[in-house]
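Colleague: If you scroll down you'll find the structure; I have some questions about it.
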Ligand SMILES: [Zn+2]
């Protein structure tokens, strides 16, 4: 049996650790569904939990990638396998001595209930679903990485995240210069992995169209009337409008594009964050982006004002989360949540939902749209 090199796993949609976490989440959620409905498990897309559905083909891909027989084609065999330690599933990667979760059993073989360790693996990611898991993975990676820089850790955290948010597309040279300027050699390989080559189908005959609004990539779209230059890969940018390409002549071979999860979870929300930060900086305020390794998105005069920008499409979901916790925004004298302008409807339904339903953790939070916050910062009201 040949041991596969780590690089052969690059073909997978998600790394093996993420596949296992996704499976643990699917099993835990599926168990809850079954309990609620008193039903039995059937291999049917309408009845399988939405987290379990993507976990199964990803597990199959892992077998195939190691040249093994696929044991994950049936949900029943996966459930049975889950009563055995992960290292015994016939996947080399999971059996490696240094694989952190090799001893984990996801389902108790006697009671057929998800085990406590499977629950812990499911919640450890800090969010549910593949994108959330990967997003947290990047956050944690950066935080863990900069920890060792001790007194420079907050400065490095900001420098890394700011570059990423401002450069969804970057030339290899820009990336090299960024890494040199950080003067933190340990970060080099991780930062390289945040970027990837541009898929050829996302180019316009080998040329890259850069979005004039977010600096992201405009990929070709069949509706040439609506998207003559292509459609932006950053969903929050798409919500703000259709923007033309920049005038630059950009060749795909010279450029790298951020990984999808970073485009969605860092660059997208970052559009408002950067706009607020740049306006405050221009107005001569003592502004910091992602202070103290992400205590909030932007602070003014250290702990005087803390601002978090949010772009949830559902106001109810947002206020529910904020009522549970506002995170480290709690450390600031004035706490502001800035809402993307495009969510602030004319009738004020979105803002009213937030203001009327705030309580517990969110009771001292001010809600403002990004543009009214910027106005207040410029006029010195905030
Ligand atoms: Zn864009």
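Every read-out reported here was derived from the displayed coordinates using simple, explicitly stated rules and does not represent laboratory data. If you're wondering where the values come from, they're calculated on a predicted model, not measured in any experiment. Here Cβ is always computed from backbone atoms with ideal geometry, including for glycine, and neighbour counts include all displayed protein chains.
Colleague: From Cα pairs below 8 angstrom and at least 6 apart in sequence, can you work out the relative contact order of the chain, rounded to a whole percent?
Modeller: Relative contact order, the chain: 10 percent.
Colleague: Dividing the Cα radius of gyration by the Kirkwood radius, what Rg/Rh value follows for the chain?
Modeller: Rg/Rh for the chain comes to 0.99.
Colleague: Still on this structure: If packing is taken as the average count of other Cβ atoms within 10 Å, what order do 198-204, 275-281 fall into, highest mean first? All intermediate terms of the calculation are to be shown ahead of the outcome.
Modeller: Numbers: 198-204: 14.0, 275-281: 19.7.
Descending packing order for the listed peptides: 275-281, 198-204.
Colleague: Before rounding to the nearest 500, sum -39500 (n - 2.57) across all DSSP H runs of length at least 4 in the chain and divide by the residue total; then give [θ] at 222 nm in deg cm²/dmol.
Modeller: So the calculated ellipticity at 222 nm is -12500 deg cm²/dmol.
Colleague: Return the whole-Å distance between the Cα centroid of segment 76-139 and the Cα centroid of segment 328-368.
Modeller: Taking the Cα centre of each part, segment 76-139 and segment 328-368 sit 37 Å apart.
Colleague: Helix 315-324: angle to the longest alpha-carbon principal axis of the chain, degrees 0 to 90, nearest 10?
Modeller: 80
Colleague: Explain nothing, just the number: relative contact order of segment 295-378, from Cα pairs under 8 Å at least 6 residues apart, as a whole percent.
Modeller: RCO, segment 295-378: 33 percent.
Colleague: Let me ask another. Normalised by the residues of segment 6-128, what does the relative contact order come to in percent, with Cα pairs under 8 Å and at least six apart?
Modeller: 27
Colleague: For segment 295-378, rounded, prolate or oblate, judged on the Cα gyration tensor with a ≥ b ≥ c (square roots of eigenvalues), a/c < 1.5 rounded, else prolate if a/b > b/c?
Modeller: Oblate, since a/c reaches 1.5 and b/c is not below a/b.
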